[in-house]
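Take a look at the structure set out below.
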Amino acid sequence: MTTTALKTVRNDMKTLVKDAQELFHEAAAATGEKADELRSKGMHLLDAAIVKAQNAQSIAIEKGKVVAATTDEYVQENPWRAVAISAGIGLLVGIVLGRSK
């Protein structure tokens, strides 16, 4: 899942939850049929948010599995190159952390 897609899902979730909260506040102040209608709308919004979150989680898990499998395959085919890349990244991180002190 791309960064843009994650931001979109996150923003959609925030909007859905905010809308549901507003509906529940209105429902708390309302009575009778209007309150029941507002509560129902709020529950539908929360259900939609849960479904979106579950879909995003499923996509992220699948993408993670693909990345892990690809990385594992690369490391098994090129073990010394993987060691060199890891050492280079470690060196860069060490330099950056050393400069920040």
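Quick notes on this one:
- Comparison of ALA35, ALA27, ALA53 shows that the only residue that is in contact (Cβ under 8 Å) with a residue 24 or more places away in the chain and of a type in the set (A, V, I, L, M, F, W, C) is ALA53.
- Assessment of segment 25-32 against the conditions (among the acidic types (Asp, Glu) and modelled with pLDDT under 80) yields at least one matching residue.
- Out of ALA48, ALA69, ALA28, ALA5, one residue alone is surrounded by 13 or more Cβ atoms within 10 Å (Cβ to Cβ) and not polar (S, T, N, Q). It is ALA48.
- Flag for VAL75 being open to solvent by less than 80 Å² (accessible area, probe 1.4 Å), free of Cβ contacts under 8 Å to residues at least 24 places away in the same chain and either at negative phi or of a type in the set (Gly, Ala, Ser) (or both): yes
- Filtering segment 8-20 for residues that are farther than 27 Å from LYS65 by Cβ, touching a Phe, Trp or Tyr at 6+ places or on another chain (Cβ under 9 Å) and either modelled with pLDDT of 75 or more or assigned to a helix (DSSP H, G or I) (or both) leaves an empty set.
The values are calculated or read from the model by the stated rules, or taken from the named source; none is laboratory data. Since the model is a prediction, treat every value here as computed from it, not as a measurement. For neighbour counting, all protein chains shown are included, and Cβ atoms are generated from backbone atoms with ideal geometry for every residue, glycine included. Just the protein is used for accessible areas: all its heavy atoms, side chains included, with ligands, DNA and RNA removed. Shrake-Rupley method; radii C 1.70, N 1.55, O 1.52, S 1.80 Å.
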